[in-house]
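Have a look at the structure below before the remarks.
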């Protein structure tokens with residue numbers, strides 16, 4: 001057990017009051033996500049099967065599969081028996097849909113053809129899903145440049161009709177059942193690739209993926225462990241529904257003579273053979289055609305039933321397809337990072353001239369502009385500002401989580417004495433995974449819904465410390481106990497939807513202390529929690545910081561939360577730091593008008609309840625529309641000509657602060673007369 005858990009346990013033994021475990025979410029609580037439902041179970045599927053749609057789908061699919069299994073065993077004889085005295089006979093009691101040109105019973109042949117037709121359709125569907133999954137995952141695995149090229153090719157392929165693609169590939173692979181399987185599989189791959197690409201992109205934007213990447217998990221492992229299980233169910237549903245279309249396409253190729261060849265036969269070939277006498281003997285062609293329709297309908301209805309029964313659980317976390325972990329081999333020690341010698345020994349993070357840019361229609365958009373600060377061991381630094389000011393982007397840039405086409409530039413970006421830009425991918429993942437922890441604002445999206453909580457925590461130890469599964473699991477249980485989650489052994493085996501909001505946040509903090517973090521970045525960690533749970537989370541962060549000398553960077557729009565936890569505070573507006581000052585100066589000695597207006601907007605015990613609450617007039621600046629001069633000037637009651645024409649630099653303000661304002665310290669209207677503007 002490391003220093004964090006030891007110090008917390010020592011506090012408990014010393015008689016410090018332990019905070020109660022969160023109760024399960026209840027109606028009316030702010031931390032309850034109404035979209036969260038239990039994972040799918042047997043009774044959910046049974047309930048779906050009891051509906052008319054489910055019963056029809058199960059009946060049709062069962063009939064098709066049972067026929068595919070038994071028909072070749074029971075009816076191969078009549079299907080192959082040649083009777084030259086009964087050629088092209090019409091329907092009768094002996095031959096329900098007549099005979100073919102050799103006198104063979106067509107009904108028996110339709111039944112026997114079920115197995116080959118279904119097997120070939122499933123094989124083509126498997127190829128479509130497999131190739132589509134590979135292509136859809138390419139942007140994650142290959143990086144932005146090659147990934148964009150693959151996405152472009154997918155878009156071009158999707159624009160072509162599937163039948164034309166199937167015919168194109170059939171010509172390439174040749175007229176055979178193997179060639180037809182490959183042709184239809186590849187023709188269906190673009191649609192599955194587009195679906196996978198869209199779903200993977202959605203999951204990659206979730207906080208639990210960002211948390212895994214902060215933990216130093218590589219892209220391949222993130223894709224396999226965190227992304228694919230979260231798209232498995234919708235992909236299976238889509239594949240089931242697509243099998244019906246594939247079945248029809250395969251029958252079409254065989255009908256055109258590009259599929260199954262004699263002596264084998266499937267429904268498409270039987271339709272082709274019955275086409276010549278369709279006006280005299282229509283059932284010879286309509287019989288296999290009806291079989292294609294019924295089988296396709298069975299697959300489509302089954303997919304629809306699965307979508308209705310499983311789709312509800314996708315919001316809260318589906319667990320049935322999550323694969324168990326395999327013991328991981330040690331990745332070996334990462335290349336050692338060489339610390340810098342030009343910084344104080346206690347400095348954990350140094351940021352100088354940080355900028356984040358994204359491409360825009362009229363040039364680069366810069367939501368973060370020239371941010372500079374430092375953070376020492378054991379220090380708590382707050383970052384406040386309105387929504388859209390660039391707070392979270394600044395943290396993501398430091399944590400190396402900005403994806404292309406976003407670009408991060410900095411004159412200096414050092415963490416734990418090491419230049420992050422100079423590290424290779426493996427060394428960077430190791431450093432961030434063992435020394436940086438990040439707690440996101442939405443507790444529900446911060447944990448992978450398809451994995452047990454203990455498994456997610458254990459993954460960090462297995463990745464960076466080479467621990468085997470049991471040892472990593474024990475460490476995860478210890479960390480859950482260290483962050484004050486009671487019954488940690490039982491809780492470790494539960495899924496995130498079984499945790500309350502506060503417990504999920506503490507579990508995220510526990511994931512961060514699986515190693516020996518030197519910095520915890522908490523991005524709005526109390527946004528979705530009620531006030532009691534907020535206090536518990538803040539007390540936990542404060543306890544870890546003080547007892548283990550971990551640097552804490554707390555990002556919030558709530559000035560009162562930052563004032564309670566932090567030593568210093570930075571105020572951000574329009575992507576820039578406009579003021580930095582000690583927390584004891586925040587309420588009564590802030591110098592920037594924006595800082596003072598933020599503080600005034602927070603009610604306290606002395607607020608006049610009969611008066612309107614103070615507000616900041618106007619709207620925050622949109623990215624790419626920053627006005628000349630000071631960005632806050634259009635909303636500032638003290639702004640003058642100089643403010644609207646020249647942007648002030650962030651300059652030292654006394655011995656312990658910095659401010660970027662031409663009118664720093666001037667009284668706001670309504671308190672004292674403002675000084676004359678230059």
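The values are calculated or read from the model by the stated rules, or taken from the named source; none is laboratory data. Every value quoted in this text rests on a predicted model; they were computed, and no experiment measured them. All Cβ positions, glycine included, derive from the backbone under ideal geometry; neighbour counts span all protein chains shown.
Before moving on, here are some points about what is shown:
- Residue within the stretch 359-382 that is part of a loop (DSSP other than H, G, I, E, B), surrounded by fewer than 19 Cβ atoms within 10 Å (Cβ to Cβ), in contact (Cβ under 8 Å) with a residue 40 or more places away in the chain and touching a helix residue (DSSP H, G or I) at 6+ places or on another chain (Cβ under 9 Å) present: yes
- Residue, surrounded by the fewest Cβ atoms within 10 Å (Cβ to Cβ), within the stretch 84-110, restricted to residues that are touching a strand residue (DSSP E or B) at 6+ places or on another chain (Cβ under 7 Å) and not in a helix (DSSP H, G or I): 87
- Residue count for the stretch 568-597 under the criterion of being at negative phi and in a loop (DSSP other than H, G, I, E, B): the result is 7.
- Picking from residues in the stretch 644-660 that are assigned to a loop (DSSP other than H, G, I, E, B) and closer than 16 Å to residue 593 by Cα, the one that is farthest from the chain's Cα centre (by Cα) is 653.
- Residue 663 being surrounded by fewer than 17 Cβ atoms within 10 Å (Cβ to Cβ), in a loop (DSSP other than H, G, I, E, B) and touching a helix residue (DSSP H, G or I) at 6+ places or on another chain (Cβ under 8 Å): no
- Sub-6 Å Cβ pairs linking a first residue in the stretch 135-163 that is under 19 Å from residue 204 (Cβ atoms) to a second residue that is loosely packed, with under 13 Cβ neighbours inside 10 Å, at least 6 apart or interchain, are 144/404, ordered by first then second residue.
- Hits in the stretch 434-466 (condition: within 20 Å of the chain's Cα centre (by Cα), surrounded by fewer than 24 Cβ atoms within 10 Å (Cβ to Cβ) and not in a loop (DSSP other than H, G, I, E, B)): 455
- Within the stretch 229-267, tally of residues that are closer than 15 Å to residue 124 by Cα and not in a loop (DSSP other than H, G, I, E, B): 18
- Flag for residue 155 being at pLDDT below 85, touching a helix residue (DSSP H, G or I) at 6+ places or on another chain (Cβ under 9 Å) and farther than 16 Å from residue 257 by Cα: yes
- Among residues of the stretch 412-426 that are free of Cβ contacts under 8 Å to residues at least 12 places away in the same chain, those with a Cβ under 7 angstrom from a residue that is part of a strand (DSSP E or B), sequence gap 6+ or separate chain, pair up as 421/413.
The rows are residues; the columns are (1) modelled with pLDDT under 85; (2) part of a loop (DSSP other than H, G, I, E, B).
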{"site": "609", "(1), (2)": "yes, yes"}
{"site": "616", "(1), (2)": "no, yes"}
{"site": "619", "(1), (2)": "no, yes"}
{"site": "629", "(1), (2)": "no, yes"}
{"site": "634", "(1), (2)": "no, no"}
{"site": "638", "(1), (2)": "no, yes"}
{"site": "642", "(1), (2)": "no, no"}
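- Scope the stretch 196-210; condition more than 23 Å from residue 429 (Cβ to Cβ) and surrounded by 21 or more Cβ atoms within 10 Å (Cβ to Cβ); matching residues: 196, 197
This table checks each residue for (1) touching a helix residue (DSSP H, G or I) at 6+ places or on another chain (Cβ under 7 Å); (2) in the same structural domain as residue 119 (by TED's automatic domain parsing); (3) farther than 30 Å from residue 265 by Cβ.
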{"residue": "173", "(1), (2), (3)": "yes, yes, no"}
{"residue": "178", "(1), (2), (3)": "no, yes, no"}
{"residue": "184", "(1), (2), (3)": "yes, yes, no"}
{"residue": "189", "(1), (2), (3)": "yes, yes, no"}
{"residue": "197", "(1), (2), (3)": "yes, yes, yes"}
{"residue": "201", "(1), (2), (3)": "no, yes, yes"}
{"residue": "204", "(1), (2), (3)": "yes, yes, yes"}
{"residue": "208", "(1), (2), (3)": "yes, yes, yes"}
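- The condition of being buried (at least 20 other Cβ atoms within 10 Å of the Cβ) and at pLDDT 85 or above holds for residue 576.
- Looking across 140, 118, one residue alone is modelled with pLDDT of 90 or more and assigned to a helix (DSSP H, G or I). It is 118.
- Residue in the stretch 29-41 that is outside any loop (DSSP other than H, G, I, E, B), at pLDDT below 85 and either at negative phi or crowded, with 17+ Cβ neighbours inside 10 Å (or both) present: no
- Entry remark, the stretch 590-607: residues being surrounded by 11 or more Cβ atoms within 10 Å (Cβ to Cβ) and either in contact with a helix residue (DSSP H, G or I) (Cβ under 6 Å, 6 or more places away or on another chain) or modelled with pLDDT under 90 (or both) number 8 in total.
- Residue 142 passes every criterion in (1) crowded, with 17+ Cβ neighbours inside 10 Å; (2) more than 29 Å from residue 64 (Cβ to Cβ) apart from (1).
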